[in-house]
Amino acid sequence: MPDADVDVAIVGAGFAGLYMLHRLRGMGFRAQVLEAGSGVGGTWYWNRYPGARCDVESIQYSYQFDDDLQQEWEWSERYATQPELLRYAEHVADRFDLRRDIRFDTRVAAATFDEAGRRWVLETEAGDRVTGTWCVMATGCLSSFNTPDFPGRDSFDGATYHTGRWPHEGVDFSGRRVAVIGTGSSAIQSIPIIAEQAEHLTVFQRTANYTIPAHNTPLDPEAVRRVKADYPALRAWGKRMVNGIAFHPNPKPAGEATAEERRDVYERRWAEGGLTFMAAFGDLMLDDEANATAADFVRGKIREIVTDPETAGKLCPTNIIGCKRLCVDTGYYATYNRPNVTLVDISEAPIEAITPAGVKAQGVEHAVDAIVFATGFDAMTGALTRIDIRGAGGVRLRDKWRDGPRSYLGLAVAGFPNLFTVTGPGSPSVLTNMLPSIEQHVEWISDCFRYLRGRGIDRIEATVTAEDDWVAHNAEVAGNTLRSTCSSWYVGANVPGKPRVFMPYIGGFPAYVERCDAIAAKGYEGFALGA
Ligand code: N01
């Protein structure tokens, strides 16, 4: 493709990049998107593993910027599958004629700020260049996949897969012995389906995980009709909630309820299914003892479901519930009742090696034909630091973030003028419903560009003071919850050597939006603007 010069260079054609392009076009900016994949959809383009589905309800996990779109699109199930979400992204790309400004199969290798020319210069792996006054990284929070460097990893004779890079043609595990390494959301969704196909499935579990049943179901047309009759009301309700999802939190502290009352509440939430289990009481993420009541309830469920007491014991998590991202499943714990499924607990001793025949742990070689790495992502920062991003004076982002990410609002980084990140570290993003969070960022960033254009300003940079204050505020609010206290990907614990910093902003979606709006209303307070 020929080199191009545009107003805004956007990296990524997931939900963030698509809307960014659409909105900027509507404002009269020239924009181009560079996308590593061969199609749109980002996370839903890559994560095609069996059982992949969104665990935010489809009626809420969708764009709201266009009323015709939200009225006309029909979701089929309570939780949309990956294929349906991908079809939705493709529909949006076609409906708004976005593809003509997207370069597919184009991975950005480097992005450099040319101070003299006041432009970002993006270089692709193929050696093409796209330049823009502004650069928007719409690269996603969970897009840089992580395959641990197990000894002998490349010596395996069979097939290997990563849940985050699943073959487009699908995989048939029939008659094969399969190992799954990891028990996070991706594993918990795929294990029940792989177990149905495989001759034998061996799951390697380093940390037992809490998962709540999805109780997925086809959507009731009458319920959908009611939502669509006043979709803005549902959206407005979502925006008032800390996680951007319309739901009914119970503010009561768990300790103020009797044991029977707690049991009833947890039973109701369990029967309802999904992530809002953690809204059963108001202090579950604030108080150890309150949290333990919810954790005990789920452990009780595991022991009820899993018939072999030893396996049930291994599946019972011991950490804080909700500290690692809660999972949502269909038949996960019951899968361990199948005769063709073995659980290997590697909490005490890590996997020793991948061998040509399989996976070796605790001195035992488990022979398999295929290994599925469900080992997650270099979350929040990985997609950015893997690109060689150089700001003013040639400073590299990966050097600046060596001790952890520093950002103003998760939107901009001091020393990196004219560069914006959609749902970057320091934004609520992964703690919220991603779609409204993405829309809020896209609208804030594009409004900012319009403001600057209207004043003939072609340089904007977060100040070090504003960034420092935001980073300190982030750390302070993170310290108030139990969520920052365990070894999760929120703190980078899953990637060896990654600095331990609680990366998302946990102050809640409404407080965050209020702050962003106030900053914009004050002429972009905390940013240095230069003509
Ligand atoms: O990744 P994870 P994921 N040896 O990091 C284990 C979103 N998501 O892809 O816990 C052995 O959660 C690791 O063990 P441990 C969602 O936000 C959403 O499953 O670190 N094991 C863990 O069990 C989610 O949270 C949806 O001890 C190793 C697993 O691999 C996020 O994506 C669906 C290991 C990784 O779990 C990430 O989920 C899927 C090692 N060296 C994902 N290294 C929906 O919306 C890692 N592990 C439905």
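The values are calculated or read from the model by the stated rules, or taken from the named source; none is laboratory data. This one's a predicted model, so the numbers in the text were calculated from it and none came from an experiment. FYI the Cβ positions are ideal-geometry reconstructions off the backbone, even for glycines, and counts take in every protein chain you see. The protein model used for the area step is the full one, side chains on, heavy atoms only, and it has no ligands, DNA or RNA in it. Shrake-Rupley method; radii C 1.70, N 1.55, O 1.52, S 1.80 Å.
On a per residue basis, the chain carries 39 Å² of accessible surface, using protein heavy atoms and a 1.4 Å probe. Span-like helix criteria (full DSSP H runs; alpha carbon extent of at least 27 Å along the helix axis; mean Kyte-Doolittle hydropathy of at least -0.5) are satisfied in the chain by 434-454. The GluC sites (Glu not before Pro) found in region 1-74 that occupy coil by DSSP, while having at most 15 further C-beta atoms within 10 Å, are E74. Loop-located GluC sites (Glu not before Pro) across region 112-203 with a Cβ neighbour count of 10 or fewer within 10 Å are E169, with loop assigned by DSSP. Sites listed here are trypsin sites (Lys or Arg not before Pro) in region 443-496 whose DSSP assignment is loop and whose Cβ has at most 15 other Cβ atoms within 10 Å: R455. Computed over neighbours whose Cβ is under 13 Å from that of G508, the net charge equals +3, Lys and Arg +1, Asp and Glu -1.
Roughly what % antiparallel, to the nearest 5, for the DSSP beta bridges in region 308-434?
Details: 8 of 9 bridges.
Roughly 90 percent of the beta bridges in region 308-434 run antiparallel, per DSSP.
Other residues within the sphere of radius under 14 Å centred on the Cβ of E35, judged by their own Cβ, net out at -1 (K and R +1, D and E -1). For the peptides 234-242, 9-17, 407-415, the ranking by packing is 9-17, 407-415, 234-242, with the highest mean count of neighbouring Cβ atoms within 10 Å listed first. Most tightly packed first, judged by the mean number of other beta-carbon atoms within 10 Å of their residues, the peptides 244-254, 202-212 read 202-212, 244-254. Among the listed pairs K314/K498; K252/K324; K239/K400, those whose Cα-Cα separation exceeds 31 Å are K239/K400. Split the accessible area of the chain by element, probe 1.4 Å, and carbon with sulfur accounts for 50%.
Computed with a 1.4 Å probe over protein heavy atoms only, the accessible area of F113 comes to about 10 Å².
Per residue, the convex hull around the alpha carbon atoms of the chain comes to 150 Å³. By a 1.4 Å probe calculation restricted to protein chains, L529 has an accessible surface near 60 Å², given to the nearest 10.
Scanning the chain for cysteines with no neighbouring cysteine C-beta under 4.7 angstrom from their C-beta gives C54, C135, C141, C316, C327, C448, C516. I'd like the distance between the alpha-carbon centres of region 97-125 and region 482-531, rounded to an integer number of Å. Answer, in whole Å: 25. Measuring between their Cα centroids, region 308-366 and region 434-467 lie 45 Å from each other. Would you tally the net charge around W75, using a Cβ to Cβ cut-off of less than 12 Å, leaving W75 out, and scoring K and R as +1, D and E as -1? The answer is -2.
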